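Beneath this line is the structure, given in structure tokens, with notes to follow.
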Amino acid sequence: MNGHLDLLIPRHDIEQTVSRLAGQVSEDYRGRQLLVVGVLKGAFIFMADLVRQIEIPLEVDFVTVSSYGSGSESSRRIRVLQDMTLPVKDKDVLIVEDIVDSGYTANYVLHHARDMGAHSVALCALADKPSRRETPIEIAYLGFTVPDRFVVGYGLDFDNKFRYLPDIYAIEMPDEHA
Ligand code: PRP
């Protein structure tokens, strides 16, 4: 894949947005039993920045889920590769995603946490690509709405590449201008 990277969201905008989301979460969950669950791998950078800015006590856990193959097309098949390890029962669970695309992954994880006995379950997503939605989903805490392009960086990958980039880019595919 030799696409050109187009800067979409610079790191300064990401920092401001993460602060805003952390502020909202801190306010809404004050005095509650907050368990923050990151959906790996994509959420690892966002999650690390978010929890360091939330100003209330919390627990951290992860679930590793895969919904894509090695290419760019979404598949409806969700595979749980590694489940959460902390007890969920009666806790207020905040699921943290890097991006909501079709909505199947986030929907699955939200239902999964409810099935495990969570007191409440809500979704925090850094990015939303609503043009690709196939199943309705409520994003309680949303960073950015992004266009229908392949976005990478800040945890987001294309075929497991580009996750390490500190800014978010859109990949301009060679055939976009064909
Ligand atoms: C990506 C992304 C979300 C999901 C969104 O994960 O991190 O979890 O897809 O797509 P959906 O709304 O269509 O379900 P992916 O399965 O690519 O794994 P990754 O987090 O390891 O990149």
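The values are calculated or read from the model by the stated rules, or taken from the named source; none is laboratory data. All of these numbers come straight from a predicted model, not from anything done at the bench. As a convention, Cβ positions derive from the backbone with ideal geometry for all residues, glycine included, and neighbour counts pool all protein chains shown. Ligands, DNA and RNA are excluded from the accessible area calculation, which covers all protein heavy atoms including side chains. Shrake-Rupley method; radii C 1.70, N 1.55, O 1.52, S 1.80 Å.
Tabulated results
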read-out	value
Breaking point among (1) within 15 Å of the ligand (Cβ to nearest atom); (2) closer than 15 Å to VAL39 by Cα; (3) buried (at least 16 other Cβ atoms within 10 Å of the Cβ); (4) over 11 Å from the mean Cα position of the chain (by Cα), for ALA125	(4)
Test: residue in segment 50-71 that is without any contact (Cβ under 8 Å) to a residue 12 or more places away in the chain, closer than 25 Å to TYR104 by Cβ and part of a loop (DSSP other than H, G, I, E, B)	yes
When residues of segment 128-157 are limited to those that are touching a Ser or Thr at 6+ places or on another chain (Cβ under 8 Å) and not in a loop (DSSP other than H, G, I, E, B), the one surrounded by the most Cβ atoms within 10 Å (Cβ to Cβ)	GLY143
Filter result (in contact with a helix residue (DSSP H, G or I) (Cβ under 6 Å, 6 or more places away or on another chain) and either more than 8 Å from the ligand (Cβ to nearest atom) or of a type in the set (Asp, Glu) (or both)) within segment 93-105	VAL93, ILE95, VAL96, GLU97, ASP98, ASP101
Leading residue by the ranking (most open to solvent (accessible area, probe 1.4 Å)) among those in segment 24-49 that are outside any helix (DSSP H, G or I), of a type in the set (A, V, I, L, M, F, W, C) and in contact with a Phe, Trp or Tyr (Cβ under 7 Å, 6 or more places away or on another chain)	LEU40
Test: residue in segment 54-69 that is surrounded by fewer than 14 Cβ atoms within 10 Å (Cβ to Cβ), farther than 29 Å from GLY3 by Cβ and at pLDDT 95 or above	yes
Residue in segment 106-116 that is part of a loop (DSSP other than H, G, I, E, B) and away from the ligand (no atom under 15 Å from the Cβ) present	yes
Tally of residues being within 12 Å of the ligand (Cβ to nearest atom) and either surrounded by fewer than 18 Cβ atoms within 10 Å (Cβ to Cβ) or part of a strand (DSSP E or B) (or both) across segment 158-176	5
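Rundown of residues vs (1) in contact (Cβ under 8 Å) with a residue 40 or more places away in the chain; (2) more than 26 Å from GLY31 (Cα to Cα); (3) open to solvent by 20 Å² or more (accessible area, probe 1.4 Å), yes/no style:
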residue	(1), (2), (3)
ARG79	no, yes, yes
MET84	yes, no, no
SER102	no, yes, no
ASN107	no, yes, yes
LEU110	no, no, no
